[in-house]
Amino acid sequence: MKILITGATGLVGTELVSLLLKNGYFIHYLTTSKNKLQNEPNYKGFYWNPEAGDIDENCLDDVDVIINLAGAPIAKRWTEAYKKEIIESRVLSIAVLHQLLKSKANNVHHFISASAIGIYPDSLSKIYSEEETEFDNSFLSRVVQKWEEEADKIQELKIKVSKVRTGLVLSGKSGVLKEISAPAKYGFAAAFGSGDQMQSWIHLDDLAGIYAYILNHELEGIYNAVAPYPVTNTELVKQIAKVLDKPYFMPNVPKFAMEIALGEMHTILFDSQNVSAKKIISQGYQFKYLSLEKALKAELT
Ligand SMILES: NC(=O)c1ccc[n+]([C@@H]2O[C@H](COP(=O)([O-])OP(=O)(O)OC[C@H]3O[C@@H](n4cnc5c(N)ncnc54)[C@H](OP(=O)(O)O)[C@@H]3O)[C@@H](O)[C@H]2O)c1
């Protein structure tokens with residue numbers, strides 16, 4: 001089976017490509033960087049520039065399923081221009097693929113798109129399942145709503161659509177864990193704000209595993225991709241310090257300080273989303289990392 005992946009060169013994509021290659025899949029991938037193009041028998045790159053509407057049509061040849069991970073990084077200061085890039089890099093990527101699927105004969109029957117738990121409102125008490133319909137007007141929620149709406153349009157082509165609402169991805173290679181654990185490595189671990197905000201984390205291996213599971217079982221619709229036991233921010237930071245064998249004694253970092261340092265993006269650290277993993281578990285997915293401590297040990301030691 002041949003899979004076309006966008007964003008294949010990123011944190012999640014690299015892990016997913018390696019898993020799918022091990023399982024005998026053939027990969028085509030789209031990249032915005034010409035220097036990332038490779039041409040192996042089972043891993044072949046194609047250039048695209050979604051903002052300019054450019055895409056190499058040959059990327060679709062013999063492809064059965066598309067996995068869409070492309071998007072400009074969220075963890076960069078949210079200026080008005082960059083906010084536009086965060087949205088457009090996601091919406092235009094899907095729009096360009098949609099246009100190509102419409103205009104060129106193809107065998108694609110399933111479109112699996114990244115999404116994010118940032119779609120759910122900030123709440124200390126609610127537990128969010130995929131059935132939640134109330135979203136808010138925060139920047140991240142609006143990004144994800146637009147991203148999912150664009151993905152849903154692919155259904156007009158009689159192609160199954162799945163959306164993978166991803167939590168905080170834990171990996172020692174890059175991403176949020178590297179940032180949060182950096183002060184802890186020097187003995188300065190500190191929670192953010194009240195520390196009560198819920199962090200719905202997932203180990204990178206499980207995220208790649210869930211994409212592969214959705215692909216293999218042709219699961220349609222929305223799936224939360226989070227481990228079943230979310231923790232508070234205090235618990236996350238304490239566990240990081242414990243795994244690194246470092247002290248945890250610092251006062252919490254006040255919200256206003258992070259707002260000054262990061263601008264509007266500080267909300268990533270302070271928003272609370274307690275997200276349920278029940279749906280993917282009920283479909284039979286078995287998590288490799290149920291315990292935060294095990295996930296952190298695998299990545300930090
Ligand atoms: N990591 C997390 O904690 C997390 C949580 C929730 C949701 N997600 C979502 O899951 C997806 C994959 O995450 P990730 O951590 O692997 O992200 P990542 O490491 O930043 O990789 C995303 C990839 O998207 C491509 N890209 C970057 N800017 C682009 C643009 N302007 N237009 C089109 N493509 C662009 C890049 O590939 P090329 O250079 O090859 O084009 C990049 O490697 C992302 O959409 C992310 O928002 C991630």
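Structural remarks
- Angle in degrees between helix 11-22 and the longest Cα principal axis of the chain, rounded to the nearest 10: 50 degrees
- Couplings for the stretch 234-250, taken from phi via the Karplus curve 6.51 cos²θ - 1.76 cosθ + 1.60 with θ = phi - 60°, read 4, 4, 4, 5, 4, 5, 4, 4, 5, 5, 7, 6, 10, x, 10, 9, 6 Hz in order; Gly and Pro are left as x.
- Residue by residue, the stretch 137-154 carries 3J(HN,Hα) couplings of 9, 5, 4, 5, 4, 5, 4, 5, 4, 5, 4, 5, 4, 5, 4, 4, 4, 5 Hz when phi is fed to the Karplus relation 6.51 cos²θ - 1.76 cosθ + 1.60 (θ = phi - 60°); x denotes Gly or Pro.
- With θ taken as phi - 60° and the Karplus curve 6.51 cos²θ - 1.76 cosθ + 1.60 applied, the whole-hertz 3J(HN,Hα) list for the stretch 30-36 is 9, 10, 8, 10, 4, 6, 9 Hz, x standing for glycine and proline.
- Over the stretch 92-182: Rg over Rh, Cα atoms, Kirkwood Rh: 1.05
- In the chain, the DSSP-assigned H stretches of four residues or longer account for a calculated mean residue ellipticity at 222 nm of -11000 deg cm²/dmol, using -39500 (n - 2.57) per stretch and the full residue count as denominator.
- Diffusion constant of the stretch 118-258 at 37 °C, which comes from Stokes-Einstein with the Kirkwood Cα-pair radius and 0.692 mPa s, µm²/s: 193 µm²/s
- Spatial extent of the chain: Rg and Dmax, with the Cα atoms as the point set, Å: 19.2, 61
- Proximity of backbone amide H atoms, modeled 1.01 Å from N, is registered between T232 and Q199 at under 5 Å, excluding neighbours fewer than 5 places apart on the same chain.
- Radius 12 Å from Cβ of S89, net charge of other residues (Lys, Arg +1; Asp, Glu -1): +1
- Taking amide H atoms as placed 1.01 Å from N in the peptide plane, the amide H of G193 lies under 5 Å from those of V253, K255, each 5 or more residues away in sequence or on another chain.
- For the stretch 227-296 and the stretch 1-61, distance of Cα centres in Å: 31 Å
- Once C-alpha pairs closer than 8 Å and six or more residues apart are averaged by separation and normalised to the residue number of the chain, the relative contact order reads 18 percent.
- Net charge, M198 excluded, C-beta distance under 11 Å - Lys, Arg +1, Asp, Glu -1: -3
- Carbon and sulfur %, accessible surface of the stretch 1-137 computed with the full protein complex present, 1.4 Å: 48 percent
- Solvent-accessible surface of the chain, averaged per residue with a 1.4 angstrom probe and all protein chains in place: 46 square angstrom.
The values are calculated or read from the model by the stated rules, or taken from the named source; none is laboratory data. Quick caveat, the model's predicted, so the values are computed rather than measured. When we count neighbours, we look across all protein chains shown, and the Cβ atoms used for this are built from the backbone with ideal geometry, even at glycine. To get the accessible areas, we keep the full protein, side chains included, count just its heavy atoms, and leave off ligands, DNA and RNA. Shrake-Rupley method; radii C 1.70, N 1.55, O 1.52, S 1.80 Å.
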